[in-house]
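> Questions regarding the structure given below will be posed in turn.
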Amino acid sequence: MQQWDSLWINVHLATMLDGYGEIRDAAIAVKNGKIAWLGAHKDLPAHEQTVELHDGKGCWLTPGLIDCHTHIVYAGNRSDEFEARLNGIAYEEIARQGGGILATVRATRAASDDALMQASLPRVRNLLAEGVTTLEIKSGYGLDLTTEARILRVARQIGRDSAVRVKTTFLGAHALPAEYAGRADDYIDLVCHQMLPALVAEKLVDAVDVFCEKIGFSPAQTERVFQAAQACGLPVKLHAEQLSDQGGAALTARYHGLSADHLEYLSDAGITAMAKHGTVAVLLPGAYYFLRETKLPPLGDIRAAGVPIAIATDCNPGTSPMTSLLLVMNMACTLFKMTPLEALQGVTCHAAQALGLSSEIGTLEVGKAADFATWRIDRPADLAYFIGGNPCLTTVFSGKSRK
Ligand code: DI6
Ligand code: FE
């Protein structure tokens with residue numbers, strides 16, 4: 001007979017295996033931070049003992065939510081640009097005038113490590129309050145080695161200090177810094193041959209990303225960064241087809257990339273390549289909504305090709321200043337016409353796949369991390385249905401209940 005660390009009874013499970021994978025009137029046990037048993041309460045093994053017993057009183061229990069695309073570590077605020085755009089200046093034009101990403105780069109370079117942490121923690125806490133147990137955090141507001149390293153160190157520290165799993169992504173190729181104006185290829189040299197090796201040596205990088213766009217980097221420059229990532233044994237992902245079709249998704253798939261993200265302008269060739277190589281489509285309805293974009297990602301074609309779809313906040317000060325993954329689920333349904341099941345898959349099993357973590361998290365299965373959240377809802381679709389209000393009751397990260 002083994003002794004469990006904790007046992008949750010009187011819960012309804014959404015295992016996210018084969019759809020919602022509902023198990024009603026269920027129980028789930030935890031041992032050493034992993035799921036040790038789950039199933040119908042009536043099948044609970046007799047004589048098992050547990051240190052902690054939790055009565056869910058009929059609540060729902062899902063895998064912990066996963067926000068697989070954030071730029072959450074940055075300083076400053078861009079509400080001034082929000083106001084400018086509402087007065088008719090386009091996002092791309094603001095970027096060309098040295099605003100946009102470079103405005104946040106200036107603020108982030110000027111901020112101390114502590115100021116960066118203090119600016120980021122409230123955003124992280126908002127996500128954690130809604131049952132998030134895994135967070136991807138990109139760099140990309142430093143654009144020099146010192147600041148890119150500081151951002152990634154703060155991201156690692158957030159993972160150590162807060163009850164959340166953090167995966168970091170190096171996005172040095174996010175924008176061209178002012179000191180490299182007109183010299184994009186030289187900057188890509190710096191990214192590939194100076195920044196990336198130094199950050200890898202400090203074990204700060206779990207994946208590599210690029211902003212492949214007319215106002216970002218070309219497919220050729222993107223491929224050079226991908227080759228540098230491959231040389232370091234790191235997986236890649238890409239900000240792809242957000243404002244135009246650059247062929248970025250197909251390029252990412254050719255490098256067996258974990259995900260291609262945004263995808264409003266994704267082509268059939270990109271979809272075919274992603275389906276062939278198992279690259280996840282990460283849709284970001286917050287940026288679509290905030291930029292008042294009108295071109296929808298080709299959801300029907302992505303779905304028909306069997307490409308897994310994840311969704312995320314894209315939390316960033318310029319195009320998606322949001323810290324609610326539940327609101328993203330509602331937007332994914334309301335704006336992109338995803339189903340509530342697809343939205344929940346998008347922040348659980350498919351989001352785990354977009355981070356290369358499918359063996360550890362994203363579904364409720366014996367042996368996976370005991371990362372889960374309990375909810376005051378009537379059915380799983382409620383999570384995408386409600387706008388505002390937070391039905392999250394408790395969050396468990398690696399078996400420990402978050403206070
Ligand atoms: N695409 C985006 O929407 C964000 N980055 C990117 O590559 C915008 C980042 C910003 O405007 O600060
Ligand atoms: Fe982004």
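> Starting from a Cα-only point model with no solvent, please compute log10 I(q)/I(0) by Debye for segment 84-201 at q = 0.12 1/Å.
Debye output, listed in q order: -0.50.
> Apply the Kirkwood formula to segment 320-403: the hydrodynamic radius equals the inverse of the mean of 1/r over all pairs of different alpha-carbon atoms; give it in Å with one decimal.
For segment 320-403, the Kirkwood estimate is 13.7 Å.
> Now, a different point. Would you list Val166, Val208 from fewest to most Cβ contacts within 10 Å?
Fewest-to-most ranking of Val166, Val208: Val166, Val208.
> How big, in percent, is the set of alpha carbon pairs in segment 1-125 lying more than 27 Å apart?
Everything past 27 Å amounts to 51 percent.
> Related question: What is the pair-distance distribution P(r) of segment 153-195, computed from all Cα-Cα distances in 5 Å bins starting at 0, with each bin given as a whole percent?
5, 20, 22, 13, 12, 13, 10, 5, 1
> Let me ask something else. Which of Thr323, Thr169 has the fewest other C-beta atoms within 10 Å, and how do the rest follow up to the most?
Ascending number of Cβ neighbours within 10 Å: Thr323, Thr169.
> Given the -39500 (n - 2.57) contribution per DSSP H run of 4+ residues, what per-residue ellipticity at 222 nm results for the chain, rounded to the nearest 500 deg cm²/dmol?
Helix contribution divided over all residues of the chain: -9500 deg cm²/dmol.
> Could I ask something else about it? What does the C-alpha gyration tensor say about the overall shape of segment 245-403? Classify as rounded when a/c is under 1.5, otherwise prolate if a/b is larger than b/c, or oblate. Present the calculation step by step, with values, prior to reporting the outcome.
Working: a/c = 1.98, a/b = 1.35, b/c = 1.46.
In terms of gyration-tensor shape, oblate.
> Moving to a separate point now. So if R0 is 30 Å, what FRET efficiency would Lys276 and Thr339 give, r being the distance between their Cβ atoms, rounded to the nearest 0.05?
Once the sixth-power term is evaluated, E becomes 0.75.
> What is the extension gain from Ile89 to Leu53, computed as 0.36 nm multiplied by their sequence separation minus the C-alpha to C-alpha distance, in nm to one decimal?
Numbers: separation 36, 0.36 × 36 = 12.96 nm, distance 5.69 nm.
So the extension gain works out to 7.3 nm.
> Find the relative contact order for the chain and round it to a whole percent, using C-alpha pairs within less than 8 Å whose residues are 6+ positions apart.
The normalised contact order for the chain reaches 19 percent.
> Still on this structure: Regarding segment 239-306, what whole-number volume in Å³ per residue does the convex hull of its Cα atoms give?
Dividing the Cα hull volume of segment 239-306 by its residues yields 67 Å³.
> If you average the C-alpha positions of segment 148-163 and of segment 86-147 separately, how far apart do those two centres end up, in angstrom?
If you average the Cα positions of each part, the centres end up 14 Å apart.
> How much length, in nm to one decimal, is gained on full extension between Ser401 and Ala115, taken as 0.36 nm per residue of separation minus their Cα-Cα distance?
Answer, rounded to one decimal: 100.1 nm.
> Also, I was wondering about something else. Relative to the first principal axis of the alpha-carbon coordinates of the chain, what is the inclination of helix 268-277, with its axis defined by its Cα atoms, in degrees from 0 to 90 and to the nearest 10?
Between the helix axis and the principal axis of the chain, the angle is about 50 degrees.
> Just going by the charge dipole of segment 246-341, with Lys and Arg at +1 and Asp and Glu at -1 on Cβ, which of Gly248, Ala287, Gly318 is farthest out on the positive end?
Gly248
> Grab the alpha carbons of segment 169-323, take their convex hull, and tell me the volume per residue in Å³.
Measuring per residue, one finds 110 Å³ for the Cα hull of segment 169-323.
> Once you've got the Cα coordinates, tell me which of Lys42/Lys167; Lys214/Lys337; Lys138/Lys214; Lys34/Lys337 are over 32 Å apart.
Going by Cα-Cα distance, Lys42/Lys167; Lys34/Lys337 fall outside the 32 Å limit.
> Now for a separate question. For Trp4, enumerate residues with amide H under 5 Å from its amide H, sequence gap 5+ or separate chain, H modeled in the peptide plane.
Gln49, Thr50, Val51
> Please sort 139-151, 277-289 by packing, taking for each peptide the average over its residues of neighbouring beta carbons within 10 angstrom, highest first.
Answer by packing, highest mean first, reads 277-289, 139-151.
> Between Trp60 and residues 5 or more places away or on another chain, which pairs have amide H atoms under 5 Å apart, with H built 1.01 Å from N, and which residues are they?
Sorted by chain and number, the residues that satisfy this are His12, Trp375, Ile377.
> Only counting other Cβ atoms within 10 Å, I'd like Arg24, Arg303 sorted with the fewest neighbours first. Each step should come with its number before you reach the end.
Working: Arg24 11, Arg303 16.
Ordered by Cβ neighbours within 10 Å, fewest first: Arg24, Arg303.
> Round to the nearest 0.05 the FRET efficiency obtained for Lys214 and His193 when R0 = 25 Å and r is the Cβ-Cβ distance.
Calculated value: 0.50.
> Which percentage, to the nearest 5, of the DSSP beta bridges contained in the chain is antiparallel?
Around 40 percent of the beta bridges assigned by DSSP in the chain are antiparallel ones.
> What base-10 log of the normalised intensity I(q)/I(0) is obtained for the chain from the Debye formula, alpha carbons as equal point scatterers, at q = 0.08, 0.14 Å⁻¹?
So the normalised log intensities are -0.41, -1.19.
> With everything on Cα atoms, drop me the angle between helix 145-161 and the longest principal axis of the chain, reported from 0 to 90° to the nearest 10.
Tilt relative to the chain: about 10 degrees.
> When the Karplus curve 6.51 cos²θ - 1.76 cosθ + 1.60 is applied with θ = phi - 60°, which whole-Hz ³J(HN,Hα) does each residue of segment 343-355 get, with x for Gly and Pro?
For segment 343-355, the Karplus curve yields 5, 6, 4, x, 10, 10, 4, 6, 5, 4, 5, 5, 10 Hz.
No value in this document is a laboratory result; all are computed from the given coordinates. Since we're looking at a predicted model, the values are computed, not measured. Cβ atoms come from the backbone with ideal geometry, glycine included; neighbour counts cover every protein chain shown.
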